[in-house]
Amino acid sequence: MTATPPPPASVLFVCVHNAGRSQMAAGFLRHLAGDRVEVRSAGSLPGDRVNPSAAAAMAELGIDIADQRPKVLTTEAVQDSDYVITMGCGDACPVFPGKKYLDWALEDPAGKGVEAVRPIRDEIRTRVEALIAEIDAR
């Protein structure tokens, strides 16, 4: 009798507008981890579209996030996630026992050109790669 593999880990990225940092992080995680990880993103006050500079910075690496839509943060999204990674959403994120919470202090790309977004993008990629290593190690 073979054991069924555990379900993939689930990660929720949260920022205020769900238009820049959390969308870039979700894009990297989907791209780098594939179907090993379930990826969600949301915002406490979602914007109406993904930040064009964030989408352009990701497109430079061959990752398309331009078709993503900002989503409102729900209690269910937090409950359904193993990891909840906040990026400047303050106290808007509900806290549930048994979840792993990480707060990534990242500069907000809102209103910045693609040149200013690249270092934020690269920092997010580094953190996502470390997160994947942590998930794979458990």
Practice task
Taking the residues in segment 91-138 that are of a type in the set (D, E, K, R) and at pLDDT below 90 as candidates, determine which candidate is farthest from Gly34 (Cα to Cα).
Solution key: Asp91
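Applying the selection to segment 31-54, what residues are open to solvent by less than 40 Å² (accessible area, probe 1.4 Å), part of a loop (DSSP other than H, G, I, E, B) and under 17 Å from Leu73 (Cβ atoms)?
Step one: of segment 31-54, the residues open to solvent by less than 40 Å² (accessible area, probe 1.4 Å) are 33-34, 37, 39, 41-44, 47, 50-51, 53-54.
Adding the requirement that they be part of a loop (DSSP other than H, G, I, E, B) leaves 44, 47, 50-51.
If the condition is that a residue be open to solvent by less than 40 Å² (accessible area, probe 1.4 Å), part of a loop (DSSP other than H, G, I, E, B) and under 17 Å from Leu73 (Cβ atoms), then Ser44, Gly47, Val50 are the ones that fit.
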Exercise for the section: May I ask you to verify whether Leu102 is open to solvent by less than 30 Å² (accessible area, probe 1.4 Å) and within 13 Å of the chain's Cα centre (by Cα)? Expected result: no
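Kindly indicate whether any position in segment 67-77 is in contact with a helix residue (DSSP H, G or I) (Cβ under 6 Å, 6 or more places away or on another chain), under 25 Å from Val114 (Cα atoms) and open to solvent by less than 10 Å² (accessible area, probe 1.4 Å).
no
The values are calculated or read from the model by the stated rules, or taken from the named source; none is laboratory data. Note that the structure is a prediction, hence the values are computed from the model and not measured. Note that each Cβ is placed from the backbone with ideal geometry, even for glycine, and that neighbours are counted across all protein chains shown. The area values use the complete protein model at the heavy-atom level, side chains included, leaving out ligands, DNA and RNA. Shrake-Rupley method; radii C 1.70, N 1.55, O 1.52, S 1.80 Å.
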